[in-house]
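Step one of this worksheet: look at the structure below.
Every number in this text was worked out from the coordinates using simple rules, so none of it is lab data. These numbers come from a predicted model, not from an experiment. Methodologically, a virtual Cβ is constructed for each residue, glycine included, from the backbone with ideal geometry; neighbour enumeration extends over all protein chains shown.
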Amino acid sequence: MPIDSRPRTDYPNAPMFADVIVPRHLAKTFTYLVPPSLVSRVGVGQRVVVPFGRTTLEGAVIGLTRDLPGGLNVSQLKAIASVSDGDGLSGFSPGMFELSRQVAEEYIAPWGQCLRLVAPPARAVAQPKWSYVATSQGRLALEQGSCPEVHLPLLQRIARRKKGLSAGTIQSSRRSSDRQALLFLEAQQWILRSEGAVSNRPSRILGSKAGTELSTPVCVPIAPAVEVMQRLQMLMQACPTRVLIDGVLDYRVGIMARLAQLVLEQGRSVLIIIGEVVRAQWMAQVLQEATTYPVTLQSRGVSGVDAELNGKVAPQIVIGTRSAIFYPLRSIGLIWVDGEEDSALKEPQEPHYHAREVAWMRAQREFALLVYGSAHPSLEVRSVGEIERVAQCREPDSFPQIELVDMSREYGGAPFSATLTAALRATVAQQDRAILFLNRRGYAGALVCRDCGWVPRCASCAVAFVYYRESARLVCRYCGCRESLPEICGACGASRLSPIGEGTERIEQEVRRLFPGARILRIDRDTTRGVVSTRRLWQQVHSRTWDILIGTQALFQREPILPVGLVGIVHADSGLHVPDFRAAERTHQLLVDAVDLARPAPSGGRVILQTALPMHHVMQAVAAHDPAIFYDEEIQARRMLGYPPVQHLIYLTVSGKDRRLTEVAAQRWVNELHKMLVAAPSRSASAQQSLSADPQSQGIVVLGPVAATGVGSRGTLGWHIMVKGGDRTAMRDGVRRSLETMERAYPGRTFKFSVDVDPVDMG
Ligand SMILES: [Zn+2]
Ligand SMILES: [Zn+2]
């Protein structure tokens, strides 16, 4: 019997069709027939199992209709196989739905993953507040071995902790065996409930009231000049548009508070995005004092329903980290991304979105003003011609005095030069304070010449080689080429090549040896592991019960510190040799921040910058307080070598359990990419025109596969591929098509393919 494919809306029993998105790197939907037996159970947001090619996948229904979409024949449609249990996705607004699709397209990510970003989280289930502790009978049962085997693991887990195991932790494991074990152990009186136990999980800190973790904020917002506010108000008439506010924190906060107040008075809300959680908490506190409107600190635990209600009731300020860019607010007038250069704004997992770029997508949808705030803007933002720049004008006497010390002329390899040692001595004698800054990123494993600061680099990629001690080899992380260890320095011929850097611990020992009477405090990754100890340490920082503070970039990730008399930058170059094309840019940012830890010169502020590369453009720019020296030379280098923002990168990863099979798959992906991108490059006409003036930007190259360093989650091994070129649209298009081929060729779960468009951290 022929099947009538015309829409049959007039029949209540007409077949129903579902638009389903599947966990593949495809930003489109597939139409399935809803079998009559499932019609009552399939709703929008429902997770369903569908046949897909030769396999089945779990997808999500995002639309239902009784009208068959044009061009489809019902006889060709496959039917939904079954309905999955568990929570579906629901409650997202149409605008956010479209935003998720745009993010999926932009970042070549599975749409379903992006949809999860905008779907309001399910209302949090109330967590039980008690813990289970082992009784003395329980401990006896353990010793005597009288606990049945099946319940033994849980009893052991509980007995191991003096304060007990929280009921929430056990509940979240969702294992039915645990529930049975609990009932059994409680009945035996081997465990009992203990009320009011405190958990120190960091997620609680996220959800805690703004500012409770923080000491008194150190911030004196600078009132913005009348012309600046006039200019910004004019830009607000021309929304959507974006502007860069280039200045120190106090300057930015001054403008932020005034601008936020203006937008709120117009009845629209303000969304502020900051990379670091604690910095966001601090900012919430500052703005709460500066404006008369409610400030909400967004955290993952916030109920979406409350968020929607808040949006309807009154305009408000919402502050959060990168995922807050998807916060369901109605009518946004201002989005402010502060510290736009912070790599924490880029999501490290798929979908690899960058909150700075998603902010622009959202601002355009909301007709909002987008502000990028930074004390050292990224080359990406500076290079976008349409972004207006409002720069703080700093008087020369607002800077500290800076001295460059050429470490290649110092003898003996001691960490402190004679100049720095003398300055420290004078500072301690005057009962002033000193900060010694070390760049933690320097320890990523490069090799450096102790005499001249030369670092072996890949000839074609210009990034520092990674040094593998075990195999005594140098490997390029971008293209995978290898070299044996050089005997002597390639620049000065000396034979003092060694791995970079001294740790903060070694510096602390040296300071204690030199200044036995001084009070010394150290802030780095090792001393700031626990939440409680970190808070205590920062209270000490602010109470100023120290003479010398030794710190890494951990110093810049929280509330600001009052400036001191002396800042010593111990190894200013170390960050330059990180195998990353942004190494110089990151080093510049850190050094600018470190310099700002010293008081202005008229108040006795002094910075001593130790470097083996005093002529490097980063050192020259920092010493002269002139960022233009850095930016001008850096953009030239990026153009020469074909790196962003001049060219674009897409970073691909294949991971699987079997190293050899994964390599074969990676090699096949490279071949597909070659076929689609390199052999017959398809360029969009506009890109062709703009590129013809710049011969370096021509063409797309595919580098790799390169074996990933280390083992991934669940013991997988990865291979990386890098696509590099000037035509972003053509690159994305080719990568998407190659990915479809790969996912069709490997339909099972043997391999995971992931895509990072505009990568920030590669490795
Ligand atoms: Zn040398
Ligand atoms: Zn290379």
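Structure above, values below:
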quantity: Separation of the GLU403 and LEU562 label points, Cα + 7 Å toward Cβ, nm; calculated: 2.6 nm
quantity: Burial ordering of ASP250, ASP178, fewest other beta-carbon atoms within 10 Å first; calculated: ASP250, ASP178
quantity: Cα→Cβ-extended label distance, 7 Å offset, between GLN364 and ALA414, nm; calculated: 5.9 nm
quantity: Under the Debye formula (equal points on every Cα, no solvent term), log10 I(q)/I(0) of the range 16-118 at q = 0.17, 0.21, 0.23 Å⁻¹; calculated: -0.76, -1.13, -1.31
quantity: GLU633/THR741 FRET efficiency (R0 30 Å; Cβ-Cβ; nearest 0.05); calculated: 0.10
quantity: Enclosed volume per residue, in Å³, of the convex hull spanned by Cα atoms of the range 131-194; calculated: 68 Å³
quantity: Fully extended contour minus Cα-Cα distance, from GLN233 to CYS393, at 0.36 nm per residue; calculated: 55.6 nm
quantity: For the range 209-391: rounded, prolate or oblate by the Cα gyration tensor [a/c cutoff 1.5]; calculated: rounded
quantity: R0 of 22 Å, Cβ-Cβ distance SER37-ARG749: FRET efficiency to nearest 0.05; calculated: 0.15
quantity: Relative exposure of ARG389, ARG365, ARG242, judged by other C-beta atoms within 10 Å (fewest first); calculated: ARG389, ARG365, ARG242
quantity: Estimated FRET transfer efficiency (ILE520, LEU77; beta-carbon r; R0 51 Å; 0.05); calculated: 0.10
quantity: Distance between modelled label sites at LEU537 and GLU265, nm, 7 Å Cα→Cβ extension; calculated: 4.4 nm
